[in-house]
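*Asks:* One structure follows; several queries about it will come next.
The values are calculated or read from the model by the stated rules, or taken from the named source; none is laboratory data. Treat the numbers as computed from the prediction; the structure is a model and nothing was measured. Heads up, the Cβs are rebuilt from the backbone with ideal geometry, glycines too, and the neighbour counts pull from every protein chain shown.
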Amino acid sequence: MGLNSTFRSGYVALIGRPNAGKSTLLNRLVGEKIAAVSNKPQTTRHRIKGIVTKDDGQIVFVDTPGVHKPGYLLNRRMMAAVHDAILSVDLVVLMRDASVSTGNGDRFVLDMVKNSGKEAIAVLNKVDKLKDKEVLLPLIDMYSNEYGFKEIIPISALKGDAVDSLLSNIIGHLPQGEAIFDEDELTDQPLRILIAEMVREQILGKTGEEIPYVTAVITEKFDESDPKLTRIYCAIYVEKPSQKKIIIGKQGRRLKQIGTNARKQIEELLQNKVYLQLFVKVVKDWRNQERQLNELGVDG
């Protein structure tokens with residue numbers, strides 16, 4: 001379908017397995033760092049909306065948690081967020097890592113899209129990792145035979161290959177309508193959540209394989225009373241004292257590094273000097289506690 005000169009707008013869900021590259025794509029499209037990016041699964045816990053406004057249309061992206069088998073209450077809430085997102089959008093973008101073979105997780109995501117009956121585009125990401133692009137052909141065949149995808153588009157979210165083409169195609173499949181948000185808006189997420197995400201991304205990067213998926217960050221205080229210095233206090237949740245030790249590191253070095261890196265990103269976001277105070281809280285089994293999940297803003 002060709003693009004129409006009439007303005008189009010709508011909500012689009014990005015869905016895929018953990019590590020399919022959804023947040024990387026969203027950050028590239030929006031042009032700002034609004035989604036935490038990490039190569040560890042379950043990085044995205046909030047339905048971050050990224051807003052892209054072009055001359056011919058506006059796309060409101062709903063970035064969903066990676067589709068995985070729910071264990072903890074946290075994971076069950078995350079999967080409920082995926083189902084909600086699919087049902088509430090105009091178009092679904094199924095994203096998968098084209099550089100790895102098709103697994104049960106990929107089938108599961110595909111079935112979610114098929115069961116929804118929604119208009120969808122399939123995106124085969126990470127083509128920059130493929131030495132031989134021929135391997136894309138059977139993948140494209142598989143997806144075209146499985147469901148009536150409007151488009152099947154190979155891209156590299158990391159390098160930006162074919163991302164503009166993807167954007168045009170998405171707009172072309174949205175309903176005609178006026179812009180939903182002002183053109184200078186990039187996300188509906190409160191600053192507190194964006195800041196917490198930036199801190200959490202640094203934790204994921206600095207703790208390597210040492211710390212499993214037991215961390216969460218909450219911005220407890222955000223003080224802008226001094227126009228020249230924003231004071232921010234963030235709590236880092238873990239489940240055990242041993243995990244607290246890992247995050248703090250020898251003589252507090254790791255926590256200091258996490259804070260320094262996050263502060264630089266936050267200063268860029270706020271365009272102001274920032275004082276960032278991080279402290280680590282041990283909250284046993286927080287992933288299964290309704291109250292803690294509510295406080296962290298993980299949707300039910």
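*Asks:* Here are L73, L137, L130: which of them is more than 19 Å from the chain's Cα centre (by Cα) and at pLDDT below 90?
*Replies:* On the way: L137 fails: at pLDDT below 90; L130 fails: at pLDDT below 90.
The unique qualifying residue is L73.
*Asks:* State all residues of the range 205-254 that are acidic (D, E) and touching a residue at least 40 places away in the same chain (Cβ under 8 Å); if no residue qualifies, say none. Outline the logic, then answer.
*Replies:* Residues of the range 205-254 acidic (D, E): 209-210, 220, 223-224, 226, 239.
Answer for the range 205-254, where residues must be acidic (D, E) and touching a residue at least 40 places away in the same chain (Cβ under 8 Å): just E239.
*Asks:* I've got another one for you. Tell me yes or no: at least one residue of the range 167-185 is in contact with a Phe, Trp or Tyr (Cβ under 6 Å, 6 or more places away or on another chain), in contact (Cβ under 8 Å) with a residue 12 or more places away in the chain and surrounded by 14 or more Cβ atoms within 10 Å (Cβ to Cβ). Explain how you work it out, then say what you get.
*Replies:* Within the range 167-185, the subset in contact with a Phe, Trp or Tyr (Cβ under 6 Å, 6 or more places away or on another chain) is none.
No, the range 167-185 contains no residue that is in contact with a Phe, Trp or Tyr (Cβ under 6 Å, 6 or more places away or on another chain), in contact (Cβ under 8 Å) with a residue 12 or more places away in the chain and surrounded by 14 or more Cβ atoms within 10 Å (Cβ to Cβ).
*Asks:* Residue under question is L110, and the condition is that it be farther than 14 Å from F61 by Cα and either of a type in the set (D, E) or touching a Phe, Trp or Tyr at 6+ places or on another chain (Cβ under 9 Å) (or both); does it hold?
*Replies:* Numbers: farther than 14 Å from F61 by Cα: yes; either of a type in the set (D, E) or touching a Phe, Trp or Tyr at 6+ places or on another chain (Cβ under 9 Å) (or both): yes.
Taking the combined requirement at face value, the residue satisfies it.
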